[in-house]
Each structure stands twice: as C-alpha cells, then as structure tokens.
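Some notes on the structure that comes next.
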Amino acid sequence: MLVQIPELLNADQLVQMRAALDGADWDDGRVTAGAQAARVKRNRQLTESHPLARRLGEIILQQLAQNSLFTSAALPLKVFPPLFNRYESGGHFGKHIDTAVRLTREAPYRVRTDISATLFLSASDEYDGGELLVEDTYGTHSVKLPAGHLILYPSSSLHEVRPVTRGARLGAFFWVQSMVRDDAQRALLYELDRSIQDLNQAVPEHASMTRLTGVYHNLLRRWAEL
Ligand code: NI
C-alpha cells in the first residue's frame, strides 16, 4: 500500500530545514548502504550521528506523532531516526530493496523495516528527474510530491530514485516498524479506520457504530505485535 501524507511539515518548518540543509556538510550516501545497494547508490546524505540530522529529525518525529493519517496508515511501533539525502548532477539510487533490519546507536536500537518513508523537501519545479519509482503487484508507481509531503510504501517493494538531471532534490527518509507487520492486514485496517471516521461524521448516532468500531479494535488486537 502506498499512502501519501500531505503537509507533514508546515511552511515555517520547511524554510527552517532548507536553510539548515543548504549549509550542511554532506557525506557520501554509500556509508549506510548494504553491499548490493552501495553498487547502485549515488547521492549524498547526513548520517544518523550528524547533529543536524538529529535536530531536524526530531522535528519530523514530533510532526509524525501528531499526524492522525500517519498513525492510521502506519500503526507505528518504532520509527528509525530520520536521515537526509541530496541528489544532484545525475545523482540517483538504482533498483534495490531496503535492508530488513536497521541498527541504530540509541533506542530503539533495532527497527524491522516494514514501511519505508520519503519526505520531500524540495519543490517539484526546483529539479528535473528524481522520481521515486515503487513496484508493487499493480505495476510501477512514480512519486514526486510537493515539499513537505510524505510518501509511505512497503519496505518489501523494489524501488529506485531516478537520476536528477537539473537542480537538487533534498529529502528525508526513514523506516517504520509497524505493530502490524503484514502490508495487506495493515491496508485492511487503514481502509476500515477511514470508513469508520467517515461514518462517524455522517451518521454518528447509528446503532452499529459501536460494534463496527469494536471490529476494528478486535482485528488490531488479533494482529498487533508489540
Ligand atoms: Ni531504498
């Protein structure tokens, strides 16, 4: 399931992040890639220990914690501290599947990557190329979102970032270990939750609302791993 979270960051936060990132000292992106991914990865990034990545990552984590759409779609158990990357001058990341378990120096230490997330930090008209292509059973999805928008996609999917042929594409990326590991089960819960929210607006007093909400929680209880 691919889910778009619009406007995770507000305009002030975007300006603040862009100003900080424009003056940052970037590392070679291959330092966090596994052996297969390192062969196809050409970009620059701020790694986990970089003070700027920690400071800006904290803002993203705070926004995620307040975002009901993210909570509903991801059912997060652990979120890997956000990292930042920069693609320019033909920079790209060829087809790969993300590492299954990511290690981090501080809590939560180990994150099973159920969901991959990309937060776009450059406006779409600032660069050419740079689309995120995600393959699933319905074919290949091309994703290029406005600055401040987030895309969630299954970490199990083959994906790539196309070469950036003009300008620079700045982004943040991270992984989520979900309470519900299976993407299909998580997608069902997301659809059910959204339908219940809609019905709560339309027919809040309906006698079946209590039982329907109970079905959601009883499915989550059945499927959640903590
Ligand atoms: Ni990836």
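The values are calculated or read from the model by the stated rules, or taken from the named source; none is laboratory data. It should be emphasised that the depicted structure is a prediction, and the values quoted were computed from it without experimental measurement. Don't worry about glycine lacking a Cβ; one is built from the backbone with ideal geometry, like all the others, and counts go over all protein chains shown. The accessibility values were calculated without ligands, DNA or RNA, using every heavy atom of the protein model including side chains. Shrake-Rupley method; radii C 1.70, N 1.55, O 1.52, S 1.80 Å.
Observations on the structure shown:
- Accessible area per residue, Å², the chain with all protein chains present, probe 1.4 Å: 50
- Computed from Cα atoms, the angle from the helix 209-223 axis to the main principal axis of the chain rounds to 50 degrees.
- Between the amide H of Asp136 and those of His141, distances stay under 5 Å, these residues lying 5 or more places away or on another chain, with hydrogens modeled in the peptide plane.
- Summing Cβ point charges (Lys, Arg +1; Asp, Glu -1) relative to the Cα centre of the chain gives a dipole of roughly 640 debye.
- The packing ranking, built from the mean of other Cβ atoms within 10 Å per residue, places the peptides 147-154, 67-74, 55-62, 30-37 in the order 147-154, 67-74, 55-62, 30-37, highest first.
- Normalised Debye scattering of the range 112-226 at q = 0.19 Å⁻¹ gives log10 I(q)/I(0) of -1.01, counting only Cα atoms as equal scatterers and leaving out solvent.
- Shape call, the range 183-223: gyration tensor on alpha carbons, a/c limit 1.5: oblate
- Most mobile listed residue (Ala117, Ala53, Ala65) in the chain, GNM with C-alpha springs under 10 Å: Ala65
- Dividing the summed helix terms, -39500 (n - 2.57) for each DSSP H run of n ≥ 4, by the number of residues in the chain produces a 222 nm estimate of -10000 deg cm²/dmol to the nearest 500.
- Straight-distance crosslink candidates among lysines, where the alpha carbon sits under 17 Å from Lys41 and sequence neighbours closer than 8 are dropped: Lys95
- Computed over the range 3-178, the Cα gyration tensor eigenvalues convert (square root of 5λ each) into semi-axes of 20, 19, 17 Å, ordered from largest to smallest.
- Taking the accessible area of the range 183-223, probe 1.4 Å, and keeping the other protein chains in place, the carbon and sulfur fraction comes to 54%.
- Accessible surface of the range 1-49, 1.4 Å probe, proportion on carbon and sulfur as whole %: 48
- Distance (nanometres) between label positions extended 7 Å along Cα→Cβ at Ser68 and Leu199: 1.7
- At the residue level, Asp136 shows approximately 60 square angstrom of accessible surface with a 1.4 angstrom probe and all protein chains present.
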